[in-house]
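A.B. asks: Submitted below is the structure of interest, expressed as structure tokens.
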Amino acid sequence: NAGVTQTPKFQVLKTGQSMTLQCAQDMNHNSMYWYRQDPGMGLRLIYYSASEGTTDKGEVPNGYNVSRLNKREFSLRLESAAPSQTSVYFCASSDPRPSGRSYEQCFGPGTRLTVL
Amino acid sequence: GENVEQHPSTLSVQEGDSAVIKCTYSDSASNYFPWYKQELGKRPQLIIDIRSNVGEKKDQRIAVTLNKTAKHFSLHITETQPEDSAVYFCAPTGTASKLTFGTGTRLQVTL
């Protein structure tokens, strides 16, 4: 199993450009998440999808859109990139169960995005 | 929403000593208390978690203790080793779908 995969690993954009970050998981998890991580700020939730067909805003959704394409894939789109969106982006998935390691989130390797 | 604070923000210990990181939270409905470890340049990974009906859980050199009344829980690492050097995040939650991460504690284990 590959777990959670993300593409690309690195990306440099100019202000105003658009791009889509891709995320896929092969663990049959229902829930998927997008976080951004900035120095000293921990991980902040951008959007999440509790199950296929649903998406909800997190703590910092402005400037982003998401698509839950199917159970495996959850993409994050920046329509008009800004320097404030320079960050490391992590995708994660989880599958809450009544017992065992419920709520554990499995993270992808991250995408390092720089907006000039 | 949940208000999460971690202390200290940085911690330096000598190899073999113990380290304790404390996490305070505001939402009394929180019932799941995990700790994640993130090594430099890597992804966060769950290292230990506890549910609200348990006061303490231990896994080899790491343990988590919970005080629900005071709304805080702590990560304890004994006999620290260089490979314990990382940033540690707490992420208390009351719902399966949303974790609120603390700002992290950078642990440095020196030889």
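The values are calculated or read from the model by the stated rules, or taken from the named source; none is laboratory data. Note that the structure is predicted; figures quoted are calculated from it, not measured. No Cβ is skipped: glycine too gets one built from the backbone with ideal geometry, and neighbour counts run over all protein chains shown. Calculation scope for accessible area: heavy atoms of the full protein, side chains included, ligands and nucleic acids excluded. Shrake-Rupley method; radii C 1.70, N 1.55, O 1.52, S 1.80 Å.
A.B. asks: List the GluC sites (Glu not before Pro) in the range B:1-99 that DSSP assigns to loop (not H, G, I, E or B) and whose Cβ has at most 13 other Cβ atoms within 10 Å. Which are they?
C.D. replies: B:Glu15, B:Glu39, B:Glu79
A.B. asks: Check each of the chymotrypsin sites (Phe, Trp or Tyr not before Pro) in the range A:23-116 and keep only those in coil by DSSP with at most 13 other C-beta atoms within 10 angstrom; list them in order.
C.D. replies: For chymotrypsin sites (Phe, Trp or Tyr not before Pro) across the range A:23-116 that sit outside H, G, I, E and B with at most 13 neighbouring Cβ atoms in 10 Å, the list is empty.
A.B. asks: So what's chain A giving for Rg/Rh, alpha carbon basis, Kirkwood Rh from the mean inverse pair distance?
C.D. replies: Taking Rh as the inverse mean 1/r over Cα pairs, Rg/Rh reads 0.96.
A.B. asks: Between their Cα atoms, which of B:Lys37/B:Lys71; B:Lys22/B:Lys57; A:Lys71/B:Lys98; A:Lys57/B:Lys22 are more than 26 Å away from each other?
C.D. replies: Table pairs above 26 Å Cα-Cα are A:Lys57/B:Lys22.
A.B. asks: Separate question: Taking the Cβ of B:Leu107 as the centre, find all other residues whose Cβ is under 14 Å away and add up their charges (Lys, Arg: +1; Asp, Glu: -1).
C.D. replies: It works out to a net charge of -2.
A.B. asks: Hey, which lysines would be in cross-link range of A:Lys9, C-alpha to C-alpha under 20 Å, not counting anything within fewer than 8 residues on its own chain?
C.D. replies: Within the straight-line cut-off, A:Lys9 pairs with B:Lys42.
A.B. asks: State in Å² the accessible area per residue of the protein assembly as shown; use a 1.4 Å probe, count heavy atoms of protein chains only, and round to the nearest integer.
C.D. replies: 48 Å²
A.B. asks: Turning to a different aspect of this structure: I'd like the projected area of the protein assembly as shown, averaged over all directions, using the convex hull of its alpha carbons. Report it in nm² with one decimal.
C.D. replies: Mean projected area of the Cα convex hull: 12.4 nm².
A.B. asks: Grab the other residues whose beta carbon is less than 14 angstrom from that of A:Pro39, score K and R as +1, D and E as -1, and report the net.
C.D. replies: Overall, the nearby charge balance is +3.
A.B. asks: Could I ask something else about it? So how compact is the range B:3-47: Cα radius of gyration and Dmax in angstrom?
C.D. replies: 13.0, 37
A.B. asks: Hand me the GluC sites (Glu not before Pro) from the range A:1-87 located in a DSSP loop with no more than 12 other Cβ atoms within 10 Å, in residue order please.
C.D. replies: A:Glu79
A.B. asks: I've got another one for you. Which values of log₁₀ I(q)/I(0), to two decimal places, follow from the Debye formula for chain B at q = 0.10, 0.17 Å⁻¹ with a uniform point scatterer at every Cα?
C.D. replies: The calculated log intensity ratios at q = 0.10, 0.17 Å⁻¹ are -0.26, -0.74.
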